[in-house]
Amino acid sequence: MNDLQQTLDQLRTALGATAVLTGAAISQRHYSDWTGHAPACPAALLLPSSTQQVADALRICNAAGQSVVPQGGMTGLAGGAVPRETDIALSLERLRGIEEIDSAAATVSVWAGTTLQEIQQAALDAGFLFPLDLGARGSCQIGGNIATNAGGNAVIRYGMTRDLVLGLEVVLADGRVLNLLNKMIKNNCGYDLKQCFIGSEGTLGVITRAILKLAPLPGETTTLLCALPDYASAVSLLRRLQRSAGTPQAYELMWQDFFRLGVSWLENPVPPMSDEHPLYVLFESAGPREVLEQTLEAALEAGEVIDAVLASSHTQARALWKIREATGEFPLRMTPLNFDVSLPIGQIGEFAELCRQRLELRWPGNHSVYFGHIGDSNLHLTVDCNSLPQPAPILEIEELVYTAVGELGGSVSAEHGIGLLKREFLHHSVDDQARQAMQQLKDCYDPRGILNPGKILG
Ligand code: FAD
């Protein structure tokens, strides 16, 4: 009997035969994540249904030196959950459910395989908001959200996933269970170990349970679209709004090219204002409408805003959001190469110009669009590969963009993680010393290197 067969036998004894699948019994959705990158049928798929089973599985694999790839909802955009044929995939989908909502502490305790949408709904039913929100909410799991430190739609107000996690239970590569569960806001008992696992993309441990912060339900929101003369105005308007109208729920900047594209794809492609302005911002606030109107008047007087539309109904607000949601059409209408990068907010305008110039110099006439959650220092840039010589020089474009990110002190990954797809570009944002320190942390928690090998650090 070969080593793999022996390991599988031990896993079947520990977890039960129905929790250890091989070959055709493994659904193809475990072959790759949302990117469809390098699909492969793993050597086995484990479906543990308790922390103890996760611990047993990892202990057995670690002893055998068998690599394990943790898998959540497979909606990742960096290839982090993609297995090789020699890996064993470990899915958290059977560790699912809400354990408790503590209304006094304003926390929810959940199993790692619970979908984000289930947690949002449970919070709502209890009169709270769980503010993490992203397009994949129906499929992504909270364990995956934590492992990627997901961002999403409400970061400007509530922070990244890291800011919403109070406690974790994690199984280490050798099967030890770390109980880091905690409901308290203040807790300074030594190193905050849970932070190591948030954003570690399954390379340091398997998250099995979490305690998350809940927020009060927001009141009515007001949606506003403004045309701006330049990037500096986008930043000063944001600060003005924060000073007077409170922390926004959203602050979505669209460069002219993106705005025009978004409008042209509307059912009724009539822009809500002239499409000749350099920049547009979609802003959403939960503060009093009168305060927002006064702030807007002051911004118009100061020349920060050229034109504005204040939505007067939910339908009008939805119509404005439709322009920003053009990104959902990208895969249908172009061959998009998407970038998700971060820069200090003051440098984002300069970065967009630099990229545009360098792309134009290298591939004249190419089509790229710029938009982003700039209040979170996050810019998205999409290059339409149909506008480039074929086959599209993907690697060269990536190198061009990430080099510019590095030059301006930015991050090659704002919210999607590094996984496999950005591994070659990590050095633009993380220097040698810091990468060595990351490797030391990996060696400490996973000395045999069995957890998600090849992800983040290679
Ligand atoms: P997977 O894709 O299954 O795994 C992601 C990584 O986490 C892998 O490295 C995996 O090994 C690891 N992992 C998963 N579960 C565990 C666990 N329990 N313990 C340890 N490691 C684990 N992301 C954003 O940040 N913001 C967005 O706005 C956003 N929007 C999206 C919209 C759409 C339509 C789609 C398809 C994706 C979007 N994403 C976004 C990306 C993706 O949804 C997030 O990265 C999400 O957090 C991944 O969760 P998942 O459960 O699908 O994880």
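The values are calculated or read from the model by the stated rules, or taken from the named source; none is laboratory data. The structure presented is a predicted model; accordingly, all values stated were derived computationally and were not measured. In this analysis, Cβ positions are derived from the backbone assuming ideal geometry, glycine residues included, and neighbour counts consider all displayed protein chains. Surface areas here come from the heavy atoms of the whole protein model, side chains and all, with no ligands, DNA or RNA. Shrake-Rupley method; radii C 1.70, N 1.55, O 1.52, S 1.80 Å.
The single condition among (1) out of contact with any strand residue (DSSP E or B) (no Cβ under 8 Å at 6 or more places or on another chain); (2) within 23 Å of G151 (Cα to Cα) that Q28 does not satisfy is (2).
This table checks each residue for (1) closer than 17 Å to T203 by Cβ; (2) touching a residue at least 24 places away in the same chain (Cβ under 8 Å); (3) among the β-branched types (V, I, T).
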{"position": "I374", "(1), (2), (3)": "no, yes, yes"}
{"position": "L388", "(1), (2), (3)": "no, yes, no"}
{"position": "P391", "(1), (2), (3)": "no, no, no"}
{"position": "L421", "(1), (2), (3)": "yes, yes, no"}
{"position": "Q433", "(1), (2), (3)": "no, no, no"}
{"position": "K442", "(1), (2), (3)": "yes, yes, no"}
{"position": "P447", "(1), (2), (3)": "yes, yes, no"}
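Contact map, the range 37-54: residues that are free of Cβ contacts under 8 Å to residues at least 12 places away in the same chain paired with residues that are in a loop (DSSP other than H, G, I, E, B) and buried (at least 19 other Cβ atoms within 10 Å of the Cβ), Cβ distance under 7 Å, separation 6+ or inter-chain. No pairs are found.
If you go through the range 301-323 and pick out every residue that is among the charged types (D, E, K, R) and either modelled with pLDDT of 95 or more or open to solvent by less than 20 Å² (accessible area, probe 1.4 Å) (or both), you end up with 3. Across the range 143-183, the qualifying residues are those that are touching a helix residue (DSSP H, G or I) at 6+ places or on another chain (Cβ under 6 Å) and within 24 Å of G372 (Cα to Cα), and the one among them that is farthest from the ligand (Cβ to nearest atom) is I156.
Of the listed requirements (1) under 27 Å from C226 (Cβ atoms); (2) in a helix (DSSP H, G or I); (3) open to solvent by 60 Å² or more (accessible area, probe 1.4 Å), F330 misses just one: (3).
From the list A136, A106, the lone residue that is away from the ligand (no atom under 15 Å from the Cβ) and either open to solvent by 20 Å² or more (accessible area, probe 1.4 Å) or touching a Phe, Trp or Tyr at 6+ places or on another chain (Cβ under 8 Å) (or both) is A106. Would you call A147 over 21 Å from the mean Cα position of the chain (by Cα), touching a residue at least 60 places away in the same chain (Cβ under 8 Å) and open to solvent by less than 30 Å² (accessible area, probe 1.4 Å)? It is false that A147 is over 21 Å from the mean Cα position of the chain (by Cα), touching a residue at least 60 places away in the same chain (Cβ under 8 Å) and open to solvent by less than 30 Å² (accessible area, probe 1.4 Å). Among the residues of the range 432-443, those identified as away from the ligand (no atom under 15 Å from the Cβ) and either of a type in the set (D, E, K, R) or open to solvent by 90 Å² or more (accessible area, probe 1.4 Å) (or both) are D432, Q433, R435, Q436, Q440, D443. Modelled with pLDDT of 95 or more, among the acidic types (D, E), away from the ligand (no atom under 14 Å from the Cβ) and out of contact with any His (no Cβ under 8 Å at 6 or more places or on another chain), is that true of D446? No; evaluated as a whole, the condition is false for this residue. Checking A227, A298 one by one, the residue that is touching a Leu at 6+ places or on another chain (Cβ under 9 Å), at pLDDT 95 or above and over 30 Å from Q121 (Cβ atoms) is A227 and no other.
Quick one: would you say L343 is among the aliphatic types (A, V, I, L, M) and either at pLDDT 95 or above or open to solvent by less than 20 Å² (accessible area, probe 1.4 Å) (or both)? Walk me through it before giving the result.
Numbers: among the aliphatic types (A, V, I, L, M): yes; either at pLDDT 95 or above or open to solvent by less than 20 Å² (accessible area, probe 1.4 Å) (or both): yes.
The answer is yes for L343.
Looking for something among the acidic types (D, E) and assigned to a loop (DSSP other than H, G, I, E, B) - is there at least one such residue anywhere in the range 151-167? No, the range 151-167 contains no residue that is among the acidic types (D, E) and assigned to a loop (DSSP other than H, G, I, E, B).
Just name the residue that is nearest to the ligand (Cβ to nearest atom) out of those in the range 62-80 that are assigned to a loop (DSSP other than H, G, I, E, B), more than 14 Å from the chain's Cα centre (by Cα) and of a type in the set (G, A, S).
Step by step, filter the range 62-80, then rank; the result is S67.
Scanning the range 185-199 for residues that are open to solvent by 10 Å² or more (accessible area, probe 1.4 Å) and in contact (Cβ under 8 Å) with a residue 40 or more places away in the chain gives C196, G199.
Could you check how many residues of the range 384-416 are within 16 Å of the ligand (Cβ to nearest atom) and open to solvent by less than 10 Å² (accessible area, probe 1.4 Å)?
Final tally of qualifying residues: 1.
In this structure, V54 does not satisfy being open to solvent by less than 20 Å² (accessible area, probe 1.4 Å) and part of a loop (DSSP other than H, G, I, E, B).
For D125, are the conditions met, namely being more than 9 Å from the ligand (Cβ to nearest atom) and under 25 Å from V54 (Cβ atoms)?
In short, no.
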